[in-house]
1. With volume of the Cα convex hull per residue in Å³ defined as stated, name the option among [x] 154; [y] 197; [z] 301 computed from the structure displayed.
2. Kindly report, to the nearest 10 Å², the accessible surface of Thr304 as traced by a 1.4 Å probe over protein heavy atoms only.
3. Between Tyr316 and Ala111, take the C-beta separation as r, use R0 = 56 Å, and let me know the FRET efficiency to the nearest 0.05.
4. Which Cα, out of Thr89, Val135, Ile224, lies furthest along the positive dipole direction of the chain (beta carbon charges, K/R +1, D/E -1)?
5. Amide H neighbours of His246 under 5 Å, counting only residues 5+ apart in sequence or on other chains, H built in-plane at 1.01 Å?
6. Is segment 309-387 rounded, prolate or oblate when judged by the Cα gyration tensor, a ≥ b ≥ c being the square roots of its eigenvalues, rounded requiring a/c under 1.5 and prolate requiring a/b larger than b/c?
7. R0 = 30 Å: FRET efficiency of Val81 with Ala181, Cβ-based, nearest 0.05?
8. Taking 56 Å as R0, compute the FRET efficiency from the Cβ-Cβ separation of Thr241 and Glu450 and round it to 0.05.
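The values are calculated or read from the model by the stated rules, or taken from the named source; none is laboratory data. All values reported here derive from a predicted model rather than from experimental measurement. Cβ atoms come from the backbone with ideal geometry, glycine included; neighbour counts cover every protein chain shown. For the accessible areas, the whole protein counts, side chains as well, though only heavy atoms, and no ligand, DNA or RNA atoms are used. Shrake-Rupley method; radii C 1.70, N 1.55, O 1.52, S 1.80 Å.
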Amino acid sequence: MTKRTIVSLPPGVKPLQHLEIRGAVELANGTGHHLYLVGGYLRDTISASNSVCKDFDFAVEGGTGFAFAKHFANSFEGHFVPLDEQNDTARVVMPTGAVLDFSGCVGGTIAADVWRRDFSINALVWDATQPDEIVDYVGGLADLDNKTVRALSETSFIEDPLRLLRAFRIAAHIGGSIEPATLSWIQSHACQITKVAFERINFELFNILGRANIASCVEQLSQIGLLEPIFPELAETRKVTANAFHHLGLFEHSLETVFQFERVLSEMPDWVRLGLAEELAAGVTRLAATKLACLLHDIGKPQTWQINADGRHTFYSHDRLGAQMCEAIAERMKWSRPLSKFIVKLVKWHLRPGALYHQGQPTERAVRRFYRDTEEDLPALILLAFADFGATRGPELNNSEDRETAENSLINLLTGYIAFKEKSQCRIKLLDGNDVMSLLCIPGGPIIGELLEDLMEAQEFNEVCDRAEAEVFVREQYFKKYSK
C-alpha cells in the first residue's frame with residue numbers, strides 16, 4: 001500500500017471554476033452524497049497538458065453513482081446515459097458538450113475505490129472540501145512526473161479490455177511510456193481486445209493516430225500483439241517477403257510507411273498540416289485517418305502475390321483489392337461514411353501519383369484530371385505516396401538519382417495543386433446536373449457526372465467559354481460517347 005500524499009494544485013487551477021463541477025458538488029452537498037473528482041482532468045491539469053478537458057470523472061460516496069447521475073441530469077438538463085448499472089456507472093452529457101461520469105465508491109470509501117481504477121495517474125483525487133489540494137493514494141504523482149503509465153492491477157485489463165489500448169493512448173498523450181509489468185499484462189491479455197465494441201476501439205485508436213510522432217507507438221502495438229486482433233488483415237502481410245523493390249517484408253514495410261509519413265509530414269508546408277487537422281468524423285482527423293491508410297495500404301498484396309519464373313514478385317491489382325478489403329473493415333469497425341470513403345480512396349489510389357510519371361512527364365490534361373479526381377484528399381494521397389516510396393528501398397529502387405526524380409515529381413504534384421485549386425474556385429460553373437438533364441431530356445445517372453467532368457476539363461483548357469458553347473459541347477459529347 002502506497003503512502004498517502006497530498007500536494008497543492010498548480011497555480012491558477014481551480015476545478016470549481018467549471019460550472020459542471022461546481023454544480024455537481026453543490027447538488028451532492030444537498031443530498032447527503034460526497035463527490036470526489038478523479039481521472040483524466042486531474043492528470044492533464046497537473047501535467048500542464050495543452051488539451052482542453054471537458055470530461056470529468058466522479059467517485060460518489062454515500063450513495064450510488066447511477067442514481068446520483070440521473071438526479072444530476074434531471075437537475076441540469078443533461079442527457080443521462082446508463083453505462084453499466086450493475087457496476088454502478090452512468091454518464092451525463094451536458095448541453096455545453098461536457099461529459100460527466102459518475103460511479104459509486106467500491107469498498108465504500110475513496111481510499112479503497114482508487115485501487116480498482118485503471119492506471120495510477122488516473123487515480124488522483126480532488127475533494128471540494130480541500131479545493132487547493134490533490135490526494136494521491138497510489139503513487140500516481142511520481143508516475144506522472146516520470147511520464148509513466150502503470151496499471152494498478154492485472155485485473156483491470158480483465159474487467160475492461162479496452163484498457164489494453166487505452167494505456168497506449170495515454171502514453172502517447174503524456175509523451176511517456178508504459179512500465180514493463182503493465183506491458184507484460186497487456187501482452188498476456190491482448191487477444192481480449194476483440195471483446196470490446198468497435199466504437200470504443202475507434203475512439204482510442206484514432207486518438208493515438210491523431211497525435212504527432214506515434215509511429216513507434218504503432219510499432220509497439222504490433223509487438224505486444226494488439227494490432228492484428230483489431231486488423232486481422234495485417235496478419236497475412238507477415239507472409240510476404242522482401243524482394244527486388246522492397247528491402248523489408250510486407251508487414252515491416254507497412255509499419256515503416258507510418259514512420260516515413262511522420263518524417264515527410266515534418267517537411268511539409270503549413271497548409272498541408274492545417275488541412276490534415278480537419279475532422280472527417282467526430283474526433284477523427286484527416287491526419288489520423290491517413291496514418292491508418294499508411295498501415296493498411298498494402299493489405300491486398302498477400303492475395304495477389306505471385307513469383308514469376310525469373311524470381312520477380314508481382315502484386316497485380318493489389319490496390320483495388322486492398323480498397324475492397326478496407327470497405328469491409330469500415331463496415332466491421334462501424335466507421336462513418338466520410339471516414340470510410342477517405343481511407344478506401346487513399347488505399348485504392350496510393351499508386352496513382354507515381355503511375356502518372358511512369359512513362360515520363362504526364363500531360364497537363366492528365367495532371368488536371370488527377371487533381372479533379374482527388375480534390376481535397378490530394379495532400380494526404382501525396383503524403384501516402386511519399387511515405388510508401390520512402391519505405392521501399394530494395395536494390396532495384398535504390399538509385400539516388402532515380403529516387404530524387406520520383407520525389408521531385410510528387411513535390412510538383414503537390415505544389416501544382418495550389419494553383420489548380422485557386423483557378424477552379426474562380427471558374428464560373430456554366431451548367432449543372434439539372435441543366436444537362438433538361439438539355440438532353442435524359443434522367444439522372446452516372447452519365448450526367450461524366451458529361452459535367454468533360455465540360456469542366458474543356459473549360460480548363462478554354463475550349464468552352466460561355467453557356468452557349470457549353471450546351472453545344474455537352475450535346476456533342478453525349479452523341480459521341482453515349483448515343484447509339
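1. So the structure-derived entry is [y].
2. We get 30 Å² for Thr304.
3. Numbers: r = 64 Å, r/R0 = 1.14.
The calculated FRET efficiency here is 0.30.
4. Of the options given, the answer is Ile224.
5. For His246, whose amide H was placed from the backbone, the distant partners under 5 Å are Gly394.
6. Working: a/c = 2.66, a/b = 1.19, b/c = 2.23.
Because a/c hits 1.5 or more and a/b fails to exceed b/c, segment 309-387 counts as oblate.
7. After rounding, the FRET efficiency stands at 0.35.
8. Values: r = 42 Å, r/R0 = 0.75.
That pair, Thr241 with Glu450, gives E of 0.85.
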